[in-house]
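*Asks:* Take a look at this one; I'll ask things after.
The values are calculated or read from the model by the stated rules, or taken from the named source; none is laboratory data. Because the structure is a prediction, the values reported are computed rather than measured. Positions of Cβ are backbone-derived with ideal geometry, glycine not excepted, and every protein chain shown enters the neighbour counts.
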Amino acid sequence: MREEVYEDLKANYDFSMFEFSSIGRRGIILKRIEFTSTGLNGVFNLAFGDIGIDGEIDDNCISNNGDRNKILATVVDVVLKYTEKYPDRFIFFTGNSPARTRLYRMAITAHLEDLSGVFDIFISVRDDIMPFQKNTNVNSFLIKRKIV
């Protein structure tokens, strides 16, 4: 992706958690990205959102800080860093609403050439998992770094 990313990433020792600050029209908003085991061998869930007052991820919040593309590019940058460290892991993610999942699909579509050079990208549609397809109603995504 050729989008600008936030450079103030802070990662914990095993890269299971990253934090950064969104800076925009609503001020500075702390964001977190976490990778947790799904219980399925080699599949890890990507959770992302604002850091709530309780210190936990609030993935239902819509920050509306005017920096959506920079945030999405930062999430991709984090996934690149994470999968460089753990190339055998699959990353599972979905939006917390159909609209958010559609946003993720559109972002992947817009950068598909770059992303598909680095990742194998799969989608789940109903109960089927298949290679990424544009203009498809998606339930979730599953990606894995290509081993070159």
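*Asks:* Check Arg126 against each of (1) touching a Phe, Trp or Tyr at 6+ places or on another chain (Cβ under 6 Å); (2) at pLDDT below 95 and name the one condition it does not meet.
*Replies:* Here Arg126 meets the rest and fails (1).
*Asks:* Could you tell me whether Thr74 is among the hydroxyl-bearing types (Ser, Thr, Tyr) and surrounded by fewer than 13 Cβ atoms within 10 Å (Cβ to Cβ)? Working first, answer last.
*Replies:* Details: among the hydroxyl-bearing types (Ser, Thr, Tyr): yes; surrounded by fewer than 13 Cβ atoms within 10 Å (Cβ to Cβ): no.
Here the answer is no, as Thr74 does not meet what is asked.
*Asks:* In this structure, is Ser97 out of contact with any His (no Cβ under 6 Å at 6 or more places or on another chain), within 17 Å of Lys144 (Cβ to Cβ) and free of Cβ contacts under 8 Å to residues at least 40 places away in the same chain?
*Replies:* Numbers: out of contact with any His (no Cβ under 6 Å at 6 or more places or on another chain): yes; within 17 Å of Lys144 (Cβ to Cβ): no; free of Cβ contacts under 8 Å to residues at least 40 places away in the same chain: yes.
Judged against the criteria, Ser97 is not a match.
*Asks:* Which residue is farthest from Asn69 (Cα to Cα), if the candidates are limited to region 90-109 and must be part of a helix (DSSP H, G or I) and touching a Gly at 6+ places or on another chain (Cβ under 7 Å)? Show your work before the answer.
*Replies:* Going residue by residue through region 90-109, those that are part of a helix (DSSP H, G or I) are 98-109.
Now narrow it down to the ones that are touching a Gly at 6+ places or on another chain (Cβ under 7 Å): 101, 103-104.
Details: Thr101: 15, Leu103: 11, Tyr104: 11 Å.
Here the answer is Thr101.
*Asks:* To continue, here is another question. Just the residues that are touching a residue at least 40 places away in the same chain (Cβ under 8 Å), surrounded by 14 or more Cβ atoms within 10 Å (Cβ to Cβ) and touching a strand residue (DSSP E or B) at 6+ places or on another chain (Cβ under 6 Å), please, taken from region 50-70.
*Replies:* Across region 50-70, the qualifying residues are Ser63, Asn65, Asp67.
*Asks:* Another one. Out of the residues in region 20-44 meeting the condition of being crowded, with 17+ Cβ neighbours inside 10 Å and closer than 28 Å to Phe122 by Cα, tell me which one is nearest to the chain's Cα centre (by Cα). Spell out the reasoning first.
*Replies:* The initial filter retains those residues of region 20-44 that are crowded, with 17+ Cβ neighbours inside 10 Å, namely 20, 22, 29, 31-35, 44.
Pick out the ones that are also closer than 28 Å to Phe122 by Cα and you get 20, 31-35, 44.
Numbers: Phe20: 14, Lys31: 12, Arg32: 11, Ile33: 8, Glu34: 9, Phe35: 10, Phe44: 12 Å.
Residue satisfying both the conditions and the ranking: Ile33.
*Asks:* Another question, if that's okay. Can you pull out every residue in region 1-33 that is in contact with a helix residue (DSSP H, G or I) (Cβ under 9 Å, 6 or more places away or on another chain) and of a type in the set (S, T, N, Q)?
*Replies:* Ser16, Ser22
*Asks:* Scanning region 110-139 for residues that are outside any strand (DSSP E or B) and among the acidic types (Asp, Glu), which turns out farthest from the chain's Cα centre (by Cα)? Let's see the steps before the verdict.
*Replies:* Here is the first cut: in region 110-139, the residues outside any strand (DSSP E or B) are 110-118, 126-127, 132-139.
The next check asks that each one be among the acidic types (Asp, Glu); those that pass are 113-114, 127.
Working: Glu113: 17, Asp114: 15, Asp127: 22 Å.
Of everything passing the filter in region 110-139, Asp127 is farthest from the chain's Cα centre (by Cα).
*Asks:* To continue, here is another question. Which of (1) part of a loop (DSSP other than H, G, I, E, B); (2) in contact (Cβ under 8 Å) with a residue 60 or more places away in the chain; (3) surrounded by 15 or more Cβ atoms within 10 Å (Cβ to Cβ); (4) not aliphatic (A, V, I, L, M) is the odd one out, the single condition Pro87 does not satisfy?
*Replies:* All conditions pass for Pro87, except number (3).
*Asks:* Just give me the residues in region 1-13 being touching a residue at least 12 places away in the same chain (Cβ under 8 Å) and loosely packed, with under 12 Cβ neighbours inside 10 Å, in sequence order. First the steps, then the outcome.
*Replies:* Just the residues of region 1-13 that are touching a residue at least 12 places away in the same chain (Cβ under 8 Å), to begin with: 1-6, 8-9, 11.
Result: Arg2, Glu4, Asp8.
*Asks:* Another question, then. Given the conditions (1) touching an Asp or Glu at 6+ places or on another chain (Cβ under 8 Å); (2) among the charged types (D, E, K, R); (3) more than 18 Å from Tyr6 (Cβ to Cβ), and given that Arg89 satisfies all but one, which numbered condition is not satisfied?
*Replies:* Unmet condition: (1).
*Asks:* On to the next question. Does Leu142 satisfy the criteria of being assigned to a helix (DSSP H, G or I) and touching a residue at least 12 places away in the same chain (Cβ under 8 Å)?
*Replies:* Details: assigned to a helix (DSSP H, G or I): no; touching a residue at least 12 places away in the same chain (Cβ under 8 Å): yes.
No.
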